[in-house]
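Participant: Below is the structure I would like to discuss, written out as structure tokens.
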Amino acid sequence: MKRGELYRVANPSAKDPKKSRVFVVVSRQVLIDSRFSTVICAPIYSTHDGLSTQVLVGVDEGLRHDSGVHCDELVSLPKSLLTNFVGSLSPQKTEKLNRALSIALDIRDLTEPETRHRLIAER
């Protein structure tokens, strides 16, 4: 299992009306490779609203049609449920996923000089 891989999960939750849903693994690779039994995933919905916290995916990633990775709805799933491999994100899509996740989680880029200066000033 790798970060950026897509898996179809049957009956993902009691609240989900679909019989199955595709998720993309977003946990860091060190965690995925560890003995932890769960990984963090982002659900993929057939709707893509163009939000900065969504990533457009589709046929190139193994799906039947265009859909959206929704980074505002992260879930922790047991690795044992992630067995039905669908596809993988390209390096370009992974970069878009990283940006969408940092927006969804409000993570500032600490490598940017203006961010470092602002954080120092806030202390």
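Participant: Take Tyr45 and decide whether it is among the hydroxyl-bearing types (Ser, Thr, Tyr) and free of Cβ contacts under 8 Å to residues at least 40 places away in the same chain.
Facilitator: yes
Participant: Restricting the search to segment 17-35, which residues are at pLDDT below 95, farther than 13 Å from Leu81 by Cβ and either among the hydroxyl-bearing types (Ser, Thr, Tyr) or surrounded by 11 or more Cβ atoms within 10 Å (Cβ to Cβ) (or both)?
Facilitator: If the condition is that a residue be at pLDDT below 95, farther than 13 Å from Leu81 by Cβ and either among the hydroxyl-bearing types (Ser, Thr, Tyr) or surrounded by 11 or more Cβ atoms within 10 Å (Cβ to Cβ) (or both), then Lys18 is the only one that fits.
Participant: Which residue is nearest to Val24 (Cα to Cα), if the candidates are limited to segment 83-107 and must be part of a helix (DSSP H, G or I) and hydroxyl-bearing (Ser, Thr, Tyr)? It would help to see each step written out before you state the result.
Facilitator: Of the residues in segment 83-107, the ones part of a helix (DSSP H, G or I) are 91-104.
Next, only the ones that are hydroxyl-bearing (Ser, Thr, Tyr) stay: 94, 102.
Details: Thr94: 10, Ser102: 16 Å.
Top of the filtered list is Thr94.
Participant: Still on this structure, I have one more. Under 6 Å between Cβ atoms, at least 6 apart or on separate chains: pull out the pairs that start in segment 87-103 with a residue that is in contact (Cβ under 8 Å) with a residue 24 or more places away in the chain and end on any residue that is crowded, with 18+ Cβ neighbours inside 10 Å and of a type in the set (Ser, Thr, Tyr).
Facilitator: Going by the 6 Å Cβ cut-off, the qualifying pairs are Ala100/Thr53; Ile103/Thr53.
Participant: Return the residue satisfying two criteria in turn: it lies in segment 90-104 and is among the aliphatic types (A, V, I, L, M) and more than 10 Å from the chain's Cα centre (by Cα), and of such residues it is farthest from Cys71 (Cα to Cα).
Facilitator: The first filter runs over segment 90-104 and keeps only residues among the aliphatic types (A, V, I, L, M), leaving 97, 100-101, 103-104.
Among the residues that remain, those that are also more than 10 Å from the chain's Cα centre (by Cα) are: 103-104.
Details: Ile103: 9, Ala104: 6 Å.
Looking at residues that are among the aliphatic types (A, V, I, L, M) and more than 10 Å from the chain's Cα centre (by Cα), I get Ile103.
Participant: With Gly68, Gly58 as the choices, which residue is at pLDDT 95 or above, within 25 Å of Pro17 (Cβ to Cβ) and out of contact with any Phe, Trp or Tyr (no Cβ under 9 Å at 6 or more places or on another chain)? Step through it out loud before you land on a result.
Facilitator: Working: Gly68 fails: out of contact with any Phe, Trp or Tyr (no Cβ under 9 Å at 6 or more places or on another chain).
That would be Gly58, the only listed residue that is at pLDDT 95 or above, within 25 Å of Pro17 (Cβ to Cβ) and out of contact with any Phe, Trp or Tyr (no Cβ under 9 Å at 6 or more places or on another chain).
Participant: Here is a further query. So which residues in segment 41-68 are closer than 17 Å to Tyr7 by Cβ, of a type outside the set (Ser, Thr, Tyr) and part of a loop (DSSP other than H, G, I, E, B), if there are any at all?
Facilitator: Those that are closer than 17 Å to Tyr7 by Cβ, of a type outside the set (Ser, Thr, Tyr) and part of a loop (DSSP other than H, G, I, E, B): Gly58, Gly62, Leu63, Arg64.
Participant: Within segment 63-81, does at least one residue satisfy the condition of being surrounded by 11 or more Cβ atoms within 10 Å (Cβ to Cβ) and on the phi > 0 side of the Ramachandran plot?
Facilitator: There is no residue in segment 63-81 that is surrounded by 11 or more Cβ atoms within 10 Å (Cβ to Cβ) and on the phi > 0 side of the Ramachandran plot.
Participant: When only residues in segment 37-50 that are under 14 Å from Leu97 (Cα atoms) and modelled with pLDDT of 95 or more count, which is surrounded by the most Cβ atoms within 10 Å (Cβ to Cβ)? Steps first, please.
Facilitator: In the first step, residues of segment 37-50 are kept if they are under 14 Å from Leu97 (Cα atoms); the result is 40-44, 48, 50.
Adding the requirement that they be modelled with pLDDT of 95 or more leaves 40-44.
Working: Ile40: 17, Cys41: 26, Ala42: 24, Pro43: 23, Ile44: 24.
Taking the candidates together, the pick is Cys41.
The values are calculated or read from the model by the stated rules, or taken from the named source; none is laboratory data. Predicted model only: the values in this text are computed from it and were never measured. Glycine also receives a Cβ, built like all others from the backbone with ideal geometry; neighbour counts cover every protein chain displayed.
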